[in-house]
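Below is one structure, written out as structure tokens, with a few remarks after it.
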Amino acid sequence: MNNTSHKLASYVDSLRPIIYINHFDFHATDLLIKEIATTANVYEYNDAGGHVDFDTKISKSNFDLETFLSAFDNNESGESFLVLKDIHFYLDNPKVIALLKSIAFKNLYKDNFYTTIFIVASQLIIPAELDKFITVFEVPIPNINQIRGIIQQFLQDLQFDMTDNVIEELALSFKGLSEFEIIQILNLAYQQGGYIDTNDKQLIIEEKEQIIKKSGTLEILNFKETLDDVGGLDNLKSWLTQKAKIFNNLDQAIKFGVDIPKGIMLIGMPGCGKSLVAKATSHLFEVPLLRLDIGKLLGKYVGESEENLSRAIRIAEAVSPCILWIDEIEKAFAGIGESGGASDVTTRLFGNILTWIQDKENTVFIVATSNDISKLPAEFLRKGRFDELFFVDFPNGDERKKIFEIHLKRRNKWNRMIDIISLLKETDGYSGADIEAVVKETIENVFLDPEKDTVTTDDLLAVIKTTKCLSESLKDKIDKIRKSLSKMNVKPASEKKKNNP
Ligand SMILES: Nc1ncnc2c1ncn2[C@@H]1O[C@H](COP(=O)(O)OP(=O)(O)OP(=O)(O)O)[C@@H](O)[C@H]1O
Ligand SMILES: [Mg+2]
């Protein structure tokens, strides 16, 4: 018996009369119940077949639930397990409740009456009348050792071989899925290719996407951006590339004793690539990207927001390795610590997030982005929370050159005649977003001009002349950001400025 079946058996032995197994995988729960039913007879009820044989699922009699329960209400024929599947729809029926209560009561107090009820359902509905009798049993998801075992068993059944390294890598990606889901993916992978290898990680990611979509608190994002789409920010890029090597070899890294990267905070100027980098980390780390919107966590009932956060964290952990992106974090947590600055709920959420980041030992890599850290409480930025804080400034000359190239090439309008160097003098203080806007507008102008078919330096210069860049239009805000950053120990995301005309 493993830990899970042991725990379930101990509930039965201690006369818990109704055990509610909140799980969708009936195959897994059947195996579990069978394992502990050493001396008990098992009787199953489900809506499709009425009373069915627990082993064969062949219908024995097409009773409705009430009739089925009534038959067992007077059962003194030794130890019995009643397995009631997906009956949560009936848990508002007074007769059903009364029968469940009566059987539970007899199990507790009547001699020679040993009937334990198992409700197995994918939804947890506990009527107030049964609250005292019900024990909720959560089937834990398999740990890494168990996942290895599942994969090995699968291979053995198919008489199929796989190197230890591939097993290890798949096992890590499977973390967070149930046994049922793992076997389904293995089956699918095997059927599709006739073999299973690390390329099948994509199937695992898709399955995990399903879990997140159902969660409602997190969003899974699919961006095609890679670090090649980011112009400049070389310090940041090489730091991330290093951490990616750890994430891409998590198993070996952990065995070697490398600390798992916790996360990064990107602070800085608007439109300069913070969100872009967050998106690109997903490809770089080869893991799913989840976005946490703090605003969406806020609920109207007491404790609801905290529960939402803890659910989001549980899902992120289940889906890990993954990236958890918290964009514009200052908007959610502005004013904490100042009197009257933030609501109690926000303050509590903030505290919970801090504790989680501080203590976490999982493979959820956090990417937090923010413009204005003067509004963020200082605790958030203290060392130990994030592995590193990076400051993303307006691009220097070299970086602007690369950004121009990236956006022109993306739109197939890059040509050797374009003299980008001569654009740099005119674009000091431009953000990446400004440059992108210039490129877009120029291409549009050229398209609409019947005389023209290629983009020239002059076309770009003409648009630059009429554009007001962000650093000008947001001058006050930007001065404030710089001032708040001057007191902080943050690393520049770009290499030392050079070639800035
Ligand atoms: N360094 C860069 N390289 C290439 N493109 C860039 C760069 N910085 C910005 N851009 C372009 O500008 C767009 C907006 O940038 P992004 O959303 O990353 O800015 P941000 O730093 O998150 O700004 P904000 O603080 O306003 O959220 C990007 O999608 C990209 O097209
Ligand atoms: Mg952004």
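Only the coordinates and a few stated rules stand behind these numbers; no lab work does. Because the structure is a prediction, the values reported are computed rather than measured. Here the Cβ is made from the backbone with ideal geometry for all residues, glycine too, and neighbour counts use every protein chain on show.
List 161, 64 from most exposed to least, where exposure is judged by having the fewest other Cβ atoms within 10 Å.
161, 64
Could I have the simple spin-label model distance between residue 164 and residue 484, label points 7 Å from Cα toward Cβ, reported in nm to one decimal?
5.1
Report, in degrees rounded to the nearest 10, the 0 to 90 angle that the Cα long axis of helix 432-448 makes with the longest principal axis of the chain.
Result, in degrees: 70.
Give me 265, 417, 488, 162 ranked fewest to most by other Cβ atoms within 10 Å of their Cβ, as a rough exposure proxy. Don't skip to the answer; put the middle values down first.
Details: 265 24, 417 8, 488 13, 162 16.
Result, fewest neighbours first: 417, 488, 162, 265.
Grab the DSSP H runs of the chain that are 4 residues or longer, score each as -39,500 (n - 2.57), total them, divide by all residues and round the 222 nm result to the nearest 500 deg cm²/dmol.
Values: 22 runs with 242 residues, N = 501.
It comes out at -14500 deg cm²/dmol, rounded to the nearest 500.
Along the charge dipole of the chain, which of 430, 276, 227 sits closest to the positive end, that is, farthest toward it, with unit charges on the beta carbon of Lys, Arg, Asp and Glu (+1, +1, -1, -1)?
430
Which of 412, 186, 139 sits closest to the plus end of the dipole of the chain, meaning its Cα is farthest towards the positive end, when Lys and Arg get +1 and Asp and Glu get -1 on the C-beta?
412
Among the listed pairs 331/383; 224/413; 296/491; 331/402; 296/409; 175/279, give every one whose C-alpha distance is greater than 29 Å. Mind dumping the intermediate values first?
Details: 331/383 21 Å; 224/413 20 Å; 296/491 31 Å; 331/402 31 Å; 296/409 37 Å; 175/279 23 Å.
Beyond 29 Å: 296/491; 331/402; 296/409.
What's the magnitude of the charge dipole for the stretch 221-392 around its Cα centre, counting Lys and Arg as +1 and Asp and Glu as -1 at the beta-carbon? Answer in Debye, nearest 20.
Details: 20 positive and 23 negative charges, 22 e Å.
Charge dipole of the stretch 221-392: 100 debye, to the nearest 20.
Give me the net charge for the shell around residue 54: Cβ to Cβ below 13 angstrom, other residues only, Lys and Arg +1, Asp and Glu -1. The partial results should precede the final answer.
Values: positive: 34, 57, 60, 85; negative: 30, 35, 44, 53, 55.
Overall, the nearby charge balance is -1.
With +1 on each Lys and Arg Cβ and -1 on each Asp and Glu Cβ, how big is the dipole of the stretch 90-204 about its Cα centre, in debye rounded to the nearest 20?
Values: 8 positive and 14 negative charges, 152 e Å.
My answer is approximately 720 debye.
Relative to 2.2 N^0.38 Å, what does the C-alpha radius of gyration of the chain come to as a ratio? Two decimals please.
Working: Rg = 29.5 Å, N = 501, 2.2 N^0.38 = 23.4 Å.
Ratio of Cα Rg to 2.2 N^0.38 Å: 1.27.
Pairing the Cα long axis of helix 94-109 with the longest principal axis of the chain, what angle in degrees results, from 0 to 90 and rounded to the nearest 10?
The two axes meet at around 70 degrees.
Does anything in the stretch 53-85 have its amide N under 14 Å from the 7 Å Cα→Cβ label point of residue 112, and if so which residues?
Within reach of a label on residue 112: 74-79.
Test of understanding: ordering 479, 453 by Cβ neighbours within 10 Å, fewest first, what list do you get?
Ordered by Cβ neighbours within 10 Å, fewest first: 453, 479.
Which one, 17, 333, 120, is farthest towards the positive end of the dipole of the chain when Lys and Arg carry +1 and Asp and Glu -1 on their Cβ?
Toward the positive end, the furthest listed residue is 333.
Would you please give the residues with an amide H less than 5 Å from that of residue 118, counting only those at least 5 places away or on a separate chain, with H modeled from the backbone geometry?
The answer is 19, 82, 83, 84.
Rounded to the nearest 10 degrees, what's the angle between the helix 475-486 long axis and the longest principal axis of the chain, both from Cα atoms, 0 to 90?
Relative to the chain, helix 475-486 is tipped by roughly 70 degrees.
Take the alpha-carbon centre of the stretch 143-170, take the same for the stretch 202-242, and report the distance between them in whole Å.
27
About its Cα centre, how strong a charge dipole does the chain have in debye, to the nearest 20, once Lys and Arg get +1 and Asp and Glu get -1 at the Cβ?
Roughly 1780 debye, rounded to the nearest 20.
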